[in-house]
1. In the Gaussian network model of the chain, springs joining C-alpha atoms below 10 Å, which of Leu148, Leu137, Leu40 carries the largest mean-square fluctuation?
2. Expressed as an acute angle from 0 to 90° and rounded to the nearest 10, what is the orientation of the C-alpha long axis of helix 395-410 relative to the principal long axis of the chain?
3. Explain nothing, just the number: dipole magnitude of the stretch 349-421 about its Cα centre with +1 on each Lys and Arg Cβ and -1 on each Asp and Glu Cβ, in debye rounded to the nearest 20.
4. Which is farthest toward the positive dipole end of the chain among His335, Thr215, Ser283, measuring Cα position about the Cα centre, with Cβ charges +1 (Lys, Arg) and -1 (Asp, Glu)?
5. Probe of 1.4 angstrom, ligands and nucleic acids ignored: what's the accessible area per residue over the stretch 44-173, in square angstrom?
6. Put +1 on the Cβ of each Lys and Arg and -1 on the Cβ of each Asp and Glu in the chain; which of Phe369, Phe389, Ser358 then has its Cα farthest toward the positive end of the dipole?
7. For the ranges 212-222, 394-404, what's the packing order if you count other beta-carbon atoms within 10 Å of each residue, average per peptide, and put the highest first?
8. What net charge do the residues around Asn51 carry, taking every other residue with its C-beta under 15 Å from that of Asn51, with Lys and Arg at +1 and Asp and Glu at -1?
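The values are calculated or read from the model by the stated rules, or taken from the named source; none is laboratory data. What you are looking at is a predicted structure, and each value in this text was computed from that prediction instead of being measured. All Cβ positions, glycine included, derive from the backbone under ideal geometry; neighbour counts span all protein chains shown. The accessibility values were calculated without ligands, DNA or RNA, using every heavy atom of the protein model including side chains. Shrake-Rupley method; radii C 1.70, N 1.55, O 1.52, S 1.80 Å.
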Amino acid sequence: MKKTSFGLKAIAAGTAMMAVLAMGACGGGDKPTRSADGELSGELSVWGWGNGMKELAEAFEAANPGVTVNYAAQSNASDAAMKLTNALTAGKGAPDVCMLEDAMVSQFAVQEGIIELDQFGAQEYADDFVAGPWGKLQVNGKAYGMPLDSAPEVLYYNKAVFDKAGVTEAPTTWDEYYEAAKKIRELGEDYYITNNAGFQPFTAQAWQAGGHMWTVDGEKLTIDMTKSEGMQRYIDFTQKLIDEDLINVRINAWSDDWNRSLNDGTLASLTIGAWMATNLKSSAPEQSGNWRVAPLPKWTDGGENGSEDGGSSFTITAQAKDTDLAWAFVEYATHGDGAQVLTNEGGQFPSLKSILNSDEFINADDEYFGDQKINQVLVEAANQDITQFQYLPYTQYATTIYPDFTGPAYMGEVRLEDALQDYGEALAEYGEQQGYTVTLK
């Protein structure tokens, strides 16, 4: 059986009994804690990040006057995951409800740091969410998180820069994207179509190309970073962009240089999750009116072009004091009135179909995007039939070491194929150390 960061080994009888006892101490029961008049009551601790979370907590308190929500804002997804890891390792300090990036859910699930939500009826809501985010939160057929947003990958592009370069239409295929990249590069020394890809864009675009870098079957893992047709398609195309100096390899996403390049127009596009609309407005305010959104380019004319990049969810931790009260909050935030609060106040791109497909949402104009009805494009991308993507049960480790291997490749020091093969070997070695049976291709 695999090892875990929290020292849990489910096949060991003593530890299994401790886990059962720990779950019993969490609260539980058939109904959430209620006051004498039948209203919900109690205190709830919640960790999260991003816009709208404070308003969400206030709305839940207003709907349930007997409940106090102690919301603690985290800096970002990585910070939340690291703090939760530390709290679970220490055996104390975790919140009742923790927001996690979708990629991290499977890791915390197999390590028993969060609890499965089917016991509260989560699976009854499966058809109410778009397939992409819902599928990423399933571990061994059970839901361990409830989607807060949807993250279909799309192309955000600066139309003013594209027009200046003579690219009058958004590229619909990756071949057209390559030709656009060459024209934008001719605008000047600092102009690039995009920057080098981080872990999430890498997984999204390789996934879209048909590359499944890893498959997870219980305790059995298969890692294939370079051998499949899809991975070769992704590697060959990305290597061409690197070799011809068509992407800015010196700028990392979310850095000050990245924001400056978006704001001055020298970074002309991003292939990224739908959620980027809100971030662009703060990262590139001087480009208001210039940005547009288009579907992700396809590998072949008429081919599928669906993929997911990021996304977040609410989970209930194994240290939750009252799991039923925690579920009441999670349900409210993701499937109840709170989902609308996050859409209205936080600018979240919804995963709940009732909001996503509403006329009000689809037909909203956006001045920042030149009054384009961008949600029409984003909703179409979200509603695509996307193949369920699997994450490794040690995604945090995979994310951390990814730039150590790919960074030199983007700088031209090694070939990307060799870097990814070495990356796969490192992931396989780590998996074996964790007790998994790993097949490396």
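1. Among Leu148, Leu137, Leu40, the largest mean-square fluctuation in the Gaussian network model of the chain belongs to Leu40.
2. Taking Cα atoms only, the helix is inclined about 10 degrees.
3. 320 debye
4. The one lying farthest along the dipole's positive direction is Thr215.
5. Each residue of the stretch 44-173 exposes 36 Å² on average to a 1.4 Å probe.
6. Positive-end residue among those listed: Phe389.
7. Descending mean neighbour count gives 394-404, 212-222.
8. After counting each charged neighbour, the total is -2.
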